[in-house]
């Protein structure tokens, strides 16, 4: 009886501390101050890694986090994934030593053409093979990093053929160079520039991929697997305050968000409808620059939000946040793409 009692208590404690969400950070360049919009300084990055280590965060490969989210398996309560887009050389020359020292896994979305063209600004296959021995995993970021939304006057069959080639050719090169199991279970894809249309998302999903954008927010059991969010960590957003705020986020309990389509075809500024699973107090919505959005409440858990002025190209986002009961922040973002 004593053993059974201890087991039950252990299970109850484990369940009480389990989580249904995780925070994913997104990086591009490391220590390349010439590119402040996509760079994080080494000092900022070291602070973040040290904080995660000293405060007992669970850092998992992105593929493992996504598998748990997809299967709705409970995660450790403070789970984080570190992802990098574009496979720039500074991942190896600057970030790798710090990641290896901390023993943290990391996940790199690779656009394969610059690698095959031996661009000095990007990783080499040999460097990737070395990093794979120390926690690195390599995922699909397309062949040439082209925009995957339909281009002006592009016939639908040609667009579909182009996008399919971008995705599947990159996957083929990853597996040829890094092994047949690379980016396989699950197959993960990151949209170039973070941009997608509803048609793009449906096509990528039909090819068997779970996809990431660059809209900010944590991910959870109810997140849309066609466009999972991440927190960009460029210099401006990678301050200690900004990092800690985003580290302590939970998915806003959204039941319905409409429209899914991020492309603004007409009616700029666009209107976003959100239905929450239950009432949440003190919801505020904002543009990328922090400008507050107007909120029109339809009921205790339904509202519209909209910018005051038309959004400017190339892109923007609405982010809705609210304080949670455990001193964290509920967070949800919707990407908008504005054509010239």
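The values are calculated or read from the model by the stated rules, or taken from the named source; none is laboratory data. Treat the numbers as computed from the prediction; the structure is a model and nothing was measured. In this analysis, Cβ positions are derived from the backbone assuming ideal geometry, glycine residues included, and neighbour counts consider all displayed protein chains.
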field: Residue under evaluation residue 288, criteria (1) within 21 Å of the chain's Cα centre (by Cα); (2) in contact (Cβ under 8 Å) with a residue 60 or more places away in the chain; (3) part of a loop (DSSP other than H, G, I, E, B), criterion not met
entry: (2)
field: Qualifying position, being out of contact with any helix residue (DSSP H, G or I) (no Cβ under 9 Å at 6 or more places or on another chain), at pLDDT 95 or above and more than 20 Å from residue 255 (Cα to Cα), among 275, 294, 281
entry: 294
task: Being within 19 Å of the chain's Cα centre (by Cα) and exposed (fewer than 12 other Cβ atoms within 10 Å of the Cβ) is the filter here, so list the residues in segment 33-57 that pass it.
output: 37
field: Unique residue being surrounded by fewer than 22 Cβ atoms within 10 Å (Cβ to Cβ), in contact (Cβ under 8 Å) with a residue 60 or more places away in the chain, within 22 Å of residue 335 (Cβ to Cβ) and within 21 Å of the chain's Cα centre (by Cα) when the list is 205, 197
entry: 197
- prompt: Tell me, which helices (runs of 4 or more DSSP H) lie completely within segment 96-201 with 3 or more residues that are at pLDDT 95 or above and closer than 30 Å to residue 47 by Cβ?
  reply: 96-102, 125-132
- prompt: Can you pull out the residues in segment 216-233 that are under 18 Å from residue 28 (Cβ atoms) and either modelled with pLDDT under 95 or in contact with a helix residue (DSSP H, G or I) (Cβ under 6 Å, 6 or more places away or on another chain) (or both)?
  reply: 231
- prompt: In this structure, does residue 81 turn out to be surrounded by 22 or more Cβ atoms within 10 Å (Cβ to Cβ), assigned by TED's automatic domain parsing to the domain that holds residue 210, at pLDDT 95 or above and farther than 22 Å from residue 187 by Cβ?
  reply: no
- prompt: When you look at residue 298, is it over 17 Å from residue 219 (Cβ atoms), in a strand (DSSP E or B) and within 21 Å of the chain's Cα centre (by Cα), yes or no?
  reply: no
task: For segment 90-118, name all the residues that are surrounded by fewer than 20 Cβ atoms within 10 Å (Cβ to Cβ), closer than 13 Å to residue 29 by Cβ and either outside the structural domain of residue 172 (by TED's automatic domain parsing) or in contact with a helix residue (DSSP H, G or I) (Cβ under 8 Å, 6 or more places away or on another chain) (or both).
output: 94
- prompt: Hey, among the residues in segment 227-237 that are under 17 Å from residue 329 (Cβ atoms) and surrounded by 23 or more Cβ atoms within 10 Å (Cβ to Cβ), which one's farthest from the chain's Cα centre (by Cα)?
  reply: 233
message: Being outside any strand (DSSP E or B), in contact with a helix residue (DSSP H, G or I) (Cβ under 8 Å, 6 or more places away or on another chain) and within 17 Å of residue 175 (Cα to Cα) is the filter here; which residues of segment 202-215 pass it?
response: 207
- prompt: Restricting the search to segment 282-340, which residues are out of contact with any strand residue (DSSP E or B) (no Cβ under 6 Å at 6 or more places or on another chain) and crowded, with 19+ Cβ neighbours inside 10 Å?
  reply: 307
